[in-house]
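What follows is calculated from the coordinates using simple rules that are stated; it is not laboratory data. Fair warning: this is a prediction, and the values are worked out from it, not measured in the lab. Every residue, glycine among them, receives a Cβ derived from its backbone with ideal geometry; neighbour counts consider all protein chains shown.
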Amino acid sequence: MNLYDLSFPALQEMLAAWGEPSYRARQLWEWLYVHLATDFDRMTNLPRALRERLAAETVIGAPAAVDTLVSADGETRKDLLRLADGETIEVVLMRYERRRTACISTQVGCAMGCAFCATGQMGFRRNLTSGEIVAQALHFARHLRRDGERLTNVVLMGMGEPLANYDASLAAIRRLIHPQGFRLGRRHVTVSTVGLVPGIRRLAEENLPITLAVSLHAATDALRDRLVPVNRRYGLDELFAACQDYVKRTGRRVSFEWALIAEVNDTAEQAQALCARLVGLKAHVNLIPLNPTPGYAGRPSPDERIAAFTAELRRCRVPFTLRLRRGGEIRAGCGQLRSRRDERGG
Ligand code: SAH
Ligand code: SF4
């Protein structure tokens, strides 16, 4: 049993069943989420017998990095983590000004099949457990602690579709923001979705100020059907209705992700359709030139097409950020992850 798979009440229940006094749960929780302990021997305020039982019957799931890439400017780091069953996932740490952001995964692979996405190209392998999701953030928190720093932000934008692994993703978020534990800022969590409308509606009811990011990439159903197949199930009208409701319920603006693909979605027609969709919606658009992947022939938009597209957004006053390739290939890698082991065919 992985202790990071347990909520605080579940941990309390386990220790109560073991006949422990109730304050032990708080102590153990702090070892896990404040001290980020990976070793029961360090938990010196727990009786030896309890430490021995914990060591015999539970594990502290802290997957090891089996490979690491650091960007030339040192600001971005990508680790390949090996899970207990041998599957590997990639996680990215980005340092930007005072922010320390972990981009974490929710599934091994993904079933959504977006044409341009490396994770989609590998297909679906399995869901991650809540503990495996939590562990990715803690992995970087331990790393940052060595430099006297803290993790400030978490984005569920790595491998997989968080709203297709809804319960584990939400349980992980609740564990990370727990006030007696890791204490991640509630407003510093972003969930990125391909647009699973029932999941968006459920998320709006959680009473959490989570930032919703929707991977839009196209503003007409004809084009989005091709790029993001799930659009055939939840079309743009339904998707934008859910986004409107999300803003209404949470007061948060919605982010729309848009990977600029030359001559595909960087046209004047798409820019205008995007403007029309965003009228009256509290929204922000994140533009990023497509990161080319082996399984997709599309090319990133060249500078002059990006300039024309952004001019159109400026004209209709849509707020946007153009994510430039600072940190190079690794920064761009958040959201387009695929384990290199897998690329090698293993
Ligand atoms: N499944 C979720 C979260 C993971 S994907 C989602 O789709 O939102 C994270 C982000 O990376 C998404 O916005 C996705 O569309 C984007 N992305 C995937 N492949 C990309 C590529 N090759 N170039 C640029 N962005 C890409
Ligand atoms: Fe899955 Fe997101 Fe990639 Fe689409 S873009 S295949 S939903 S990980």
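Work out from phi, with θ = phi - 60° and the Karplus expression 6.51 cos²θ - 1.76 cosθ + 1.60, the ³J(HN,Hα) of each residue of the range 285-296, listed in order in whole Hz, and give x for Gly and Pro.
9, 9, 9, 9, x, 3, 8, x, 10, x, x, 9
From Cα pairs below 8 angstrom and at least 6 apart in sequence, can you work out the relative contact order of the chain, rounded to a whole percent?
Values: 647 pairs, mean separation 54.5, N = 346.
Once divided by the residue count of the chain, the mean separation gives 16 percent.
Of the options P179, A168, V155, report the single residue whose Cα projects farthest towards the positive end of the charge dipole of the range 154-212 (beta-carbon charges: Lys, Arg +1; Asp, Glu -1).
P179
Quick one: which residues, 5+ away or cross-chain, put their amide H under 5 Å from the amide H of R183? H built at 1.01 Å from N.
Sorted by chain and number, the residues that satisfy this are H178.
Compute the relative contact order of the range 216-311 as a whole-number percentage, counting only Cα pairs closer than 8 Å that sit 6 or more residues apart in sequence.
31 percent
Report the charge-dipole magnitude of the chain in Debye, nearest 20, computed about the Cα centre from +1 at each Lys and Arg Cβ and -1 at each Asp and Glu Cβ.
Working: 49 positive and 38 negative charges, 179 e Å.
Dipole size: approximately 860 debye.
For the chain, what is one quarter of the convex hull surface built on the Cα atoms, given in nm²?
Result: 17.7 nm².
Can you work out the Karplus-derived ³J(HN,Hα) for every residue in the range 262-271? Use 6.51 cos²θ - 1.76 cosθ + 1.60 with θ = phi - 60°, whole Hz, and x for glycine or proline.
Per residue, the Karplus-derived 3J(HN,Hα) values read 4, 6, 9, 10, 10, 8, 4, 4, 5, 4 Hz.
Let me spell out the model: positive unit charges on the Cβ of Lys and Arg, negative unit charges on the Cβ of Asp and Glu, origin at the Cα centre of the range 215-265. What dipole size does that give, in debye rounded to 20?
On the way: 8 positive and 7 negative charges, 53 e Å.
Here the size comes out at about 260 debye.
Taking amide H positions as placed in the peptide plane 1.01 Å from N, state which residues far from H284 in sequence (5 or more) or on other chains have amide H under 5 Å from it.
V254, S255, F256
For Cα pairs less than 8 Å apart in space and 6+ apart in sequence, what is the mean separation divided by the residue count of the range 85-150, i.e. the relative contact order in percent?
Details: 72 pairs, mean separation 16.6, N = 66.
Contact order relative to length: 25 percent.
Could you work out which residue, out of S105, S130, S71, moves most in a Gaussian network model of the chain, that is, has the largest mean-square fluctuation with Cα springs under 10 Å?
S71
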